[in-house]
1. Here is a list: GLY36, GLY88, GLY62. Which entry is small (Gly, Ala, Ser) and free of Cβ contacts under 8 Å to residues at least 40 places away in the same chain?
2. Test of understanding: among GLY44, GLY54, GLY40, which residue is in contact with a Pro (Cβ under 8 Å, 6 or more places away or on another chain), within 29 Å of ILE99 (Cα to Cα) and of a type outside the set (Val, Ile, Thr)?
3. Give me a count of the residues in the range 4-17 that are in contact (Cβ under 8 Å) with a residue 12 or more places away in the chain and either on the phi > 0 side of the Ramachandran plot or surrounded by fewer than 17 Cβ atoms within 10 Å (Cβ to Cβ) (or both).
4. Based on what the data block shows, is GLY105 of a type outside the set (Phe, Trp, Tyr), at pLDDT below 95 and surrounded by 11 or more Cβ atoms within 10 Å (Cβ to Cβ)?
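The values are calculated or read from the model by the stated rules, or taken from the named source; none is laboratory data. Source: prediction; values computed, not measured. Here the Cβ is made from the backbone with ideal geometry for all residues, glycine too, and neighbour counts use every protein chain on show.
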Amino acid sequence: MSNVVTISEAAALQIKDMMVQNNEEGAYFRVAVNGGGCSGLSYGLAFDHEVKDGDEQSEQYGIKILVDKESAPILTGTKIDYKQSMLGGGFTIDNPNAIVSCGCGSSFKTATKAGTPEKC
């Protein structure tokens, strides 16, 4: 079975650093879709210590990744990278299912899920 979400090596290194800084070594990296944002759906990235019923699990570059069963179809094929620039760094999320994205890149909608858009 293929991974729902793929992380780059740069993203994995940043996630590991964040785990150390937040005393979360050994935690799972949970990727989710939540309602909200300008376009209706937004990404959630968090550390978790519990696998829930129906979670899709994978491991890449030593990072244990969880995606809940509601988010999995929306996130299938998504790539997460970490980019560093002169202004700092941040995660980039490339979701082939997103048909509309807002300017900030953290809110989107798909052909089948509009979510709950909020005013910007």
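1. GLY88
2. GLY40
3. So the answer is 4.
4. Against the criterion (of a type outside the set (Phe, Trp, Tyr), at pLDDT below 95 and surrounded by 11 or more Cβ atoms within 10 Å (Cβ to Cβ)), GLY105 qualifies.
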